[in-house]
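Heads up, the thing below is written out as structure tokens.
The values are calculated or read from the model by the stated rules, or taken from the named source; none is laboratory data. As the structure is a prediction and not an experimental result, all values here were calculated from the model. Because the Cβ atoms are built from the backbone with ideal geometry, glycine has one as well, and the counts that use them run over all protein chains shown.
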């Protein structure tokens with residue numbers, strides 16, 4: 001079994017061979033190279049077990065390989081102390097245990113068993129009952145000196161598995177990490193790093209003071225440039241492959257959309273769900289767009305017998321990071337109200353275009369997307385989608401399955417209500433030619449003394465409410 005490990009760790013022959021790794025070579029071949037800021041969140045000096053979740057093709061393996069490359073540059077770390085394994089050929093937890101026992105036996109043979117180990121197990125969620133295998137290794141003391149990252153593409157499975165390892169994950173403050181497509185701020189850092197540096201700030205969206213407003217006002221000369229880049233972001237979303245495709249040729253090839261479509265369809269099949277039913281539900285979600293709905297409404301439209309079935313399909317789509325469900329909030333308790341109407345947002349615009357092309361049988365993407373953007377209220381809806389995704393990244397990444405972002409609807413509606421430190425803060429999106437103080441009426445009626453209105457062009461602060469142009473809002477914060 002040690003030969004299987006050696007095959008996946010060519011740097012055991014020579015540290016420099018990490019540069020020949022397919023993921024590293026692919027990254028180096030790109031004109032726009034993204035190094036996830038998340039890399040700084042891993043404390044390599046502390047033993048413990050991290051999880052790294054996120055959609056397929058988002059760069060989890062590349063992130064892991066970048067960490068490995070960093071470790072191999074350290075002359076105090078032996079190359080065999082750094083071990084990577086992809087679980088594509090492992091089906092049961094016993095095989096995982098045997099694999100790790102073989103690795104630790106190899107370290108003993110080399111006289112390295114008393115040193116640190118840096119272990120990266122990729123797509124561990126493909127192994128049935130993987131958490132029991134990791135628990136066994138931890139209970140046997142094998143992971144006492146190990147820094148471990150476990151990756152997977154299922155939000156629920158990796159989270160539930162990690163929860164079954166109480167007291168075995170080490171002294172880590174936030175062991176569960178989520179890697180998502182680039183938000184607009186990160187996109188600007190990638191495609192226009194000089195511009196991103198000019199607009200660097202650490203403004204708290206929920207507490208914008210007069211000094212903050214002065215700083216934001218100084219950003220106004222950059223708004224037109226940001227607006228041009230935002231229109232490109234609408235097309236590519238935050239997926240590095242799509243961004244690089246567009247940067248090189250001015251369009252995203254059909255093959256790129258098709259590749260991402262196939263992984264989503266594959267994940268639907270793996271979850272035991274019917275692809276045809278999933279397609280019908282996605283079609284309804286696209287039709288509903290950013291409006292509130294009930295499970296029963298979708299069940300009737302797609303001829304499903306119970307709303308419970310719709311809920312199960314939505315959960316499967318959430319598990320593979322295709323979308324996120326937004327619940328209403330009880331303004332008195334600050335807790336979600338599960339039984340009321342909900343909203344659903346695709347987690348990235350590129351995913352939204354990919355799914356739309358699938359359910360509508362697009363033969364070309366670039367031309368069709370352009371046509372869609374030219375008509376109706378599509379752009380305004382996409383702007384709300386981008387704001388939702390931005391809020392999810394800001395407030396939900398630390399606890400992905402327990403959202404801190406909600407909405408409110410009862411006669412009127414507030415698009416988003418963020419819960420932070422027990423406080424509720426309202427955010428409304430009005431991407432239209434004119435927006436003003438009157439658009440804050442619902443927030444004021446609900447008793448909020450402060451709030452945020454995201455506009456197309458208006459920037460001002462009055463009576464506790466801040467009005468910000470969309471592009472500037474998306475650039476605020478670290």
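Do we find that residue 301 is surrounded by 21 or more Cβ atoms within 10 Å (Cβ to Cβ), touching a helix residue (DSSP H, G or I) at 6+ places or on another chain (Cβ under 9 Å), closer than 27 Å to residue 271 by Cα and in the same structural domain as residue 277 (by TED's automatic domain parsing) in this structure? No; evaluated as a whole, the condition is false for this residue.
For (1) free of Cβ contacts under 8 Å to residues at least 24 places away in the same chain; (2) surrounded by fewer than 21 Cβ atoms within 10 Å (Cβ to Cβ), each residue gets a yes or a no:
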| position | (1), (2) |
| --- | --- |
| 361 | yes, yes |
| 387 | no, no |
| 404 | yes, yes |
| 413 | no, yes |
| 420 | no, yes |
| 426 | no, no |
| 438 | yes, yes |
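Per the conditions (1) in a helix (DSSP H, G or I); (2) over 24 Å from residue 347 (Cβ atoms), the sole criterion not satisfied by residue 190 is (2).
Considering only strands (runs of 3 or more DSSP E) fully contained in segment 414-478, which possess at least 2 residues that are touching a helix residue (DSSP H, G or I) at 6+ places or on another chain (Cβ under 6 Å) and more than 21 Å from residue 229 (Cα to Cα)?
423-430, 451-455, 460-462
The condition (being part of a strand (DSSP E or B), on the phi < 0 side of the Ramachandran plot and surrounded by 14 or more Cβ atoms within 10 Å (Cβ to Cβ)) is satisfied by just one residue among 27, 52: 52. Working only within segment 124-154, note down all residues that are in contact (Cβ under 8 Å) with a residue 60 or more places away in the chain and either crowded, with 20+ Cβ neighbours inside 10 Å or at positive phi (or both). Within segment 124-154, 134, 143, 146, 147, 148, 149, 150, 151, 152, 153, 154 qualify.
The residue pairs whose first member lies in segment 208-220 and is closer than 22 Å to residue 426 by Cβ, whose second member is part of a helix (DSSP H, G or I) and modelled with pLDDT of 95 or more, and whose beta carbons are closer than 8 Å, counting only pairs six or more residues apart or on different chains, are 208/216; 216/472. Residue check: residue 44 meets all listed conditions (1) in a helix (DSSP H, G or I); (2) surrounded by fewer than 17 Cβ atoms within 10 Å (Cβ to Cβ) but one, namely (1). In this structure, residue 166 does not satisfy being part of a loop (DSSP other than H, G, I, E, B), crowded, with 19+ Cβ neighbours inside 10 Å and either in contact with a helix residue (DSSP H, G or I) (Cβ under 8 Å, 6 or more places away or on another chain) or modelled with pLDDT under 85 (or both). For segment 264-274, check the following and say yes or no: at least one residue is touching a helix residue (DSSP H, G or I) at 6+ places or on another chain (Cβ under 7 Å), part of a helix (DSSP H, G or I), under 30 Å from residue 415 (Cβ atoms) and free of Cβ contacts under 8 Å to residues at least 12 places away in the same chain. No, there is no match, as no residue in segment 264-274 is touching a helix residue (DSSP H, G or I) at 6+ places or on another chain (Cβ under 7 Å), part of a helix (DSSP H, G or I), under 30 Å from residue 415 (Cβ atoms) and free of Cβ contacts under 8 Å to residues at least 12 places away in the same chain. For residue 181, the conditions (1) free of Cβ contacts under 8 Å to residues at least 24 places away in the same chain; (2) within 30 Å of residue 317 (Cβ to Cβ) are fulfilled apart from (1). Among the numbered conditions (1) modelled with pLDDT of 95 or more; (2) more than 26 Å from the chain's Cα centre (by Cα), the only one that residue 89 does not meet is (1). Determine whether residue 202 is in the same structural domain as residue 422 (by TED's automatic domain parsing), in contact (Cβ under 8 Å) with a residue 24 or more places away in the chain and out of contact with any helix residue (DSSP H, G or I) (no Cβ under 8 Å at 6 or more places or on another chain). Yes: the conditions hold for residue 202.
Any residue at all in segment 301-314 that's under 20 Å from residue 415 (Cα atoms) and either modelled with pLDDT under 95 or outside any helix (DSSP H, G or I) (or both)?
No.
Does residue 95 meet the test of being modelled with pLDDT of 95 or more, within 17 Å of residue 3 (Cβ to Cβ) and part of a helix (DSSP H, G or I)? Judged against the criteria, residue 95 is not a match.
Of the listed requirements (1) part of a loop (DSSP other than H, G, I, E, B); (2) surrounded by fewer than 18 Cβ atoms within 10 Å (Cβ to Cβ), residue 109 misses just one: (1). Checking 373, 363, 401 one by one, the residue that is closer than 20 Å to residue 284 by Cα, in contact with a helix residue (DSSP H, G or I) (Cβ under 9 Å, 6 or more places away or on another chain) and either outside the structural domain of residue 458 (by TED's automatic domain parsing) or outside any strand (DSSP E or B) (or both) is 373 and no other. Looking across segment 317-339 at every residue that is free of Cβ contacts under 8 Å to residues at least 40 places away in the same chain and not in a strand (DSSP E or B), the one that is nearest to residue 245 (Cα to Cα) is identified as 338. Scanning segment 1-20 for residues that are within 17 Å of residue 67 (Cβ to Cβ) and in contact with a helix residue (DSSP H, G or I) (Cβ under 6 Å, 6 or more places away or on another chain) turns up 10, 11, 12, 15, 17, 18. Against the list (1) assigned to a helix (DSSP H, G or I); (2) within 18 Å of the chain's Cα centre (by Cα), the condition residue 284 fails is (2).
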